[in-house]
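J.: Just dropping this structure here.
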Amino acid sequence: MRPRSVETRDPRPTDTDMLRTGATPEAVAGVAHMTALGRVGTPADIAAVVALLLGPDAAWLTGQNLVADGGLV
């Protein structure tokens with residue numbers, strides 16, 4: 001199998017120090033309210049998507065932009 005890599009250039013609201021520093025608690029809560037899951041993502045959520053993409057079940061995926069945003073509308 002050829003090596004695979006995952007790159008992201010389309011970040012969505014993820015609960016990190018950067019988000020908490022750059023946004024008020026009200027803004028974070030507002031974004032969370034706009035998602036189908038009712039919360040912003042966590043680093044663990046993003047890591048799980050990356051693990052999925054690197055696993056054997058995603059071997060046929062190439063060149064996709066998979067949006068992991070909890071259903072942000």
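J.: With everything on Cα atoms, drop me the angle between helix 43-54 and the longest principal axis of the chain, reported from 0 to 90° to the nearest 10.
T.: 20
J.: Which percent of the accessible area of the chain is formed by carbon and sulfur heavy atoms (probe 1.4 angstrom)?
T.: C and S atoms contribute 62 percent here.
J.: In cubic angstrom, how much convex hull volume per residue do the alpha carbon atoms of the chain span?
T.: Convex hull of Cα atoms, per residue: 98 Å³.
J.: What is the dipole size for the chain, taken about its Cα centre, with +1 at each Lys and Arg Cβ and -1 at each Asp and Glu Cβ, in debye to the nearest 20?
T.: 180
J.: Give the accessible surface of segment 23-73 per residue, rounded to a whole number of Å², with probe radius 1.4 Å and ligands, DNA and RNA excluded.
T.: With the other protein chains kept in place, segment 23-73 gives 70 Å² per residue.
The values are calculated or read from the model by the stated rules, or taken from the named source; none is laboratory data. None of the values given here were measured: they were computed from a predicted structure. Using ideal geometry, Cβ is built from the backbone for each residue, glycine included, and neighbour counts are taken over all protein chains shown. Please note that ligands, DNA and RNA were not included when accessible areas were found on the heavy atoms of the full protein model with its side chains. Shrake-Rupley method; radii C 1.70, N 1.55, O 1.52, S 1.80 Å.
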